[in-house]
Structure formats: structure tokens, C-alpha cells
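J.: This structure is in C-alpha cells; I'll ask about it shortly.
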Amino acid sequence: MNFSKEGMTEEEIFEKLEYFISRDVDWESGKAFGMVFNAGKEYRDVSRKAYSMFLFQNGLDFTQFDSLFQIERELVSMARSHLNGDENAVGNFTSGGTESIMLAVKAARDYCRKKKPGVTSPEMIVPVTGHAAFHKAADYLNIELVQVPVDTKSGKSDPDEIEKAITDNTILLVASAPSFSYGVVDPIGDIGRVATAHDLLFHVDACIGGFLLPYFKRLGQPVPGFDLGVEGVTSISMDLHKYAYAPPGASIILYKNGELRKNQIFACGSWTGYTIVNNTIQSTKSGGAMAAAWATLNYIGHDGYLEIARQKLATTQKLVHGINEMPHLRILYEPEMCLVAFTSDTVNVFMLVDEMKKRGWYIQPALSIDGLEEHIHLTMNIENTVHADEFLSDLEASVTHLKQSETGKDSGMLAQVLSDIDFSLLSDNDIAGLIDMAGLDEGSGPGGMAEINTILNQLPPELRERILVEYTNRLFR
């Protein structure tokens, strides 16, 4: 459609926007585990007011908007203190974890161009549990991503596997605190020693855990060292739009020192326009997210965040215990944060996700890879804490329903069709045909995703990606 020729009335505009939003997941219900991080209306109102106040301030030129310059410096200072950086640590505000990670990878690439000019085919070593943003950074920045297995007993990365993968082309080691999938913290200290021994940069992805883990430690949890205070760690990323409850997109990238950080900065003096120097990937950017993050952190405060952490910790422990008590379900790994992964040996977890969706719950399915099982992932939020008993009751009822309907681990009709296909020979047209067979219509997805997720789970990652790209390319027409 084209935009309105004569202009819509304010009433018409907001009526249409309300219609659009009515189709979204109900993230205010307390029954959505993930996607939106919501600490409650009181905090949202403060964030919204600060966001609106700085909506049109432009972060393109920090010399003209001193307000944003000062706010960013204060946010970075807060993050540096929170993550044990010394007086040499520096950083910037970014739009999210993906941008923070991409900047860390770019900084590593450009730093090594100067320090190790003989490296012409740079590589970074990433555990299989490392966030997809590292794959995206590798793709965008022309870096080889070397994926290494994790310890299947703990779900944590293996320092020995990382060290074995190091070559003369390695420029960066990566670890998670914690991994998104399992909520377990990689052995940062051990990997830091490997990085130091081989004179390599080492980035810790603490996007989802960096803000909350220090509060869990204050509550007596055995949180291992993971931040800039650990020897060998040279950069770390921490999102504020997750467990600091700032609105999207708000993240921080920190470096051990300015010598490393300056490699993320882009400057251009080779054109006829105004001087360009960007601390981050974006040029023009609203100051709204930055101001809202500053307002949220200062409004909730340390004591408020500690109380939020206390409630989430108690609820996580309740869910882990409750799920382990169910005969057909089991927790994959004991989480060190409020991220929970569980699976089943007798029930199709993708069907279980769809069954829970019918009961009003948003939970995330995850595919298997490299010997790590398919599972269901929960990202605990503060609004979930009051619904823990209801969740466990609905989960048990959903499992019972699936067992009684004898769905078991059935992979569906499409799995039988795919069993005889040589995947390496599939063309783009063949991929499109598979999408049609799966019932994924252009412009809308199916009511349930169990069938397609079951199929994707049986395919190699490369083919999964081709299907997802083709589907998305068709969808956004």
C-alpha cells in the first residue's frame, strides 16, 4: 500500500496502530518468557517519559548534543564500575548486543591488522553456544568463525578445545557469561589464561548476564569471575535493555583500554560533506534509548535491582525443581542465572511449545546441534515470578495431553518425505517447495510451528539457514 495522500487523522492513525499491536505477543501478561523485558508499569512510565524527552536529539554529532555526550559518559562509567573495569577501561553505548558484539569483533580485526600484519585470513574461535551475533559479525566483516564444541556434561565451553583450535590466524577468543541457551557461565578465568598465553584478544559476551550476575553474587550465589577484573579479558558487552529493564535498544561495549577501543571508531575525511566520526556503527540515532536507559538505571537503583534479582532467583529455583519433578521432563543444565533449558525423551518438545502457546504461554524452542539436544528455553522476567505455579501446572497438563494423544516423539509426515532427499543437491526452487509443503504461506506463518521445527531439527545447520533465508525473503514482500 502507499501512504495516505491527504494524511490520516490522529484518531485513524492510532486506531490502525492499535490494530497492529493487537496481533503481538501479550508481553504484559506475565506469561511471556523472553523477547520483552518488563519490570512493571511504574518503571516503563519513567523510561517512556525520558525516551520522549530525547526522541529527536541526534547522536550523530556529540559536539552539538552535549546532553547525549554526558549521558553516555555516565552510562559507561556505571558499566565500568559494575563490571570491574579499572580507570583505563573505556566504552560506548550501542543499540543492542548484536551491535556491541560486531564492534568488538571489528576492533579485534583492525587491532590485529596493525599488530599482526601477516594475518590475512583472520579467524575467531567461538563455542557452539556462542551467540548468533558472532556468526553475523563473521559474515559481515569477512572473518572465519571457527566453532568449537562444549562440554556436554556442563554445557560450558572447553578451554582445551579452544586452545586446540588456535592457529596463526586466530585474532579473537569468545566466551559467554552466561550462554543464552543454558544459563551457564563459561570458565572465563581458564579461557583468559589461554588468551594471555597466546597473546590473543578475548571478548566476553555478557549481554544477557552482565547486569544481573553481580546481584546474584550479592545474594550468595557462587557466581564465577567473568568481567574485566579477570586476567585476559580484553572486552565485554552488557545489554541494558534486558535485565536492567531499559527499553530497546540499549547496550554497552567496554574495552580494557582506549588502545583497543579506538579500532571500533570509524572516521571519514574523504568526502565533501561534514566531518564524520562514529563511535559505533550507527550515524544518525535518536537519543531516546540512551536517555531512557540512564533514567531507568537511576530510578530503580541498586537496592531495587537487588530485590528484583531476589525474586527472579527464587522463581528460577522453583521452576527448576518443578520441572525436574515431572517424569517426562528434565533440566539440561543447572542454570547459574534465570535462564532455564529443559527437554524430554518421550515428548516432542516442539509440540509441547505449541501446546503451551494454546494455553497463553510464550516459550522458545531450540534446535539440536553437535550432540546438544533440542530443548525449550525460558528467559525469566520479573513479571513471570507471580505465575510460576500456573506455568508448572499448565506445563504438566500439556505433557499429559500430548502423552494421551500419543504424539510422543513423532516427527510428522514431512520427516518421512525428507528422509530420502540428498540435501546437497537441493536448489533454491527445491527449498521453496519444501516451504510450501510445510504450509508456510507468504505473508503469514502457521498457527503452530511444531511441524517445521521438527523438520528443521533433522537438517544440517547449512540447510536450516537456507530454508530460513528463503522463507524470510518471501515473507517480507
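J.: Checking the condition farther than 24 Å from Ile208 by Cβ and polar (S, T, N, Q), which residue from Ser95, Ser52 passes?
T.: Ser52
J.: Then there is this: I'd like to know if segment 334-345 contains one or more residues that are outside the structural domain of Ala79 (by TED's automatic domain parsing), surrounded by 15 or more Cβ atoms within 10 Å (Cβ to Cβ), at pLDDT 95 or above and in a helix (DSSP H, G or I).
T.: no
J.: Select from segment 68-82 the residues that are in contact (Cβ under 8 Å) with a residue 24 or more places away in the chain and either touching a helix residue (DSSP H, G or I) at 6+ places or on another chain (Cβ under 8 Å) or exposed (fewer than 15 other Cβ atoms within 10 Å of the Cβ) (or both) and list them in ascending order.
T.: Listed by number, the residues that qualify are Leu68, Ile71, Glu72, Glu74, Leu75, Met78, His82.
J.: Within segment 149-165, which residues are part of a loop (DSSP other than H, G, I, E, B) and surrounded by fewer than 19 Cβ atoms within 10 Å (Cβ to Cβ)?
T.: Scanning segment 149-165 gives Pro149, Asp151, Thr152, Lys153, Ser154.
J.: Only one of these conditions is not met by Gly249: (1) assigned to a loop (DSSP other than H, G, I, E, B); (2) farther than 23 Å from Ala289 by Cβ; (3) touching a helix residue (DSSP H, G or I) at 6+ places or on another chain (Cβ under 8 Å). Which number is it?
T.: Condition not satisfied by Gly249: (2).
J.: Here's a follow-up. Please work out which one of (1) without any contact (Cβ under 8 Å) to a residue 24 or more places away in the chain; (2) in contact with a Leu (Cβ under 6 Å, 6 or more places away or on another chain); (3) of a type in the set (A, V, I, L, M, F, W, C) is the condition Leu145 fails and give its number.
T.: Among (1) without any contact (Cβ under 8 Å) to a residue 24 or more places away in the chain; (2) in contact with a Leu (Cβ under 6 Å, 6 or more places away or on another chain); (3) of a type in the set (A, V, I, L, M, F, W, C), Leu145 violates only (2).
J.: Restricting to segment 113-148, what's the tally of residues that are more than 23 Å from Cys207 (Cβ to Cβ) and surrounded by 15 or more Cβ atoms within 10 Å (Cβ to Cβ)?
T.: 2
J.: Quick one: Val119 ticks every box in (1) among the hydrophobic types (A, V, I, L, M, F, W, C); (2) without any contact (Cβ under 8 Å) to a residue 40 or more places away in the chain; (3) part of a loop (DSSP other than H, G, I, E, B) bar one, so which box is it?
T.: (2)
J.: Still on this structure: Out of all the residues in segment 1-36, which are assigned to a loop (DSSP other than H, G, I, E, B), out of contact with any Ser or Thr (no Cβ under 6 Å at 6 or more places or on another chain) and under 30 Å from Gly209 (Cβ atoms)?
T.: Asp24, Val25, Asp26, Trp27, Glu28, Ser29, Gly30, Lys31, Met35, Val36, listed by residue number.
J.: From Tyr299, Tyr274, Tyr305, which residue is among the hydroxyl-bearing types (Ser, Thr, Tyr), surrounded by fewer than 18 Cβ atoms within 10 Å (Cβ to Cβ) and in a helix (DSSP H, G or I)?
T.: Result: Tyr299 is the single residue among Tyr299, Tyr274, Tyr305 that is among the hydroxyl-bearing types (Ser, Thr, Tyr), surrounded by fewer than 18 Cβ atoms within 10 Å (Cβ to Cβ) and in a helix (DSSP H, G or I).
J.: In segment 58-94, how many are part of a loop (DSSP other than H, G, I, E, B) and in contact with a strand residue (DSSP E or B) (Cβ under 7 Å, 6 or more places away or on another chain)?
T.: Residues meeting the conditions: 4.
J.: Considering (1) more than 29 Å from the chain's Cα centre (by Cα); (2) at pLDDT below 80, say which one Gly448 fails and leave the rest.
T.: Going through the list (1) more than 29 Å from the chain's Cα centre (by Cα); (2) at pLDDT below 80, Gly448 breaks only (1).
The values are calculated or read from the model by the stated rules, or taken from the named source; none is laboratory data. Quick caveat: nothing in here was measured; it's all calculated off a predicted structure. All Cβ positions, even for glycine, are placed from backbone atoms using ideal geometry, and neighbour counts span all protein chains on display.
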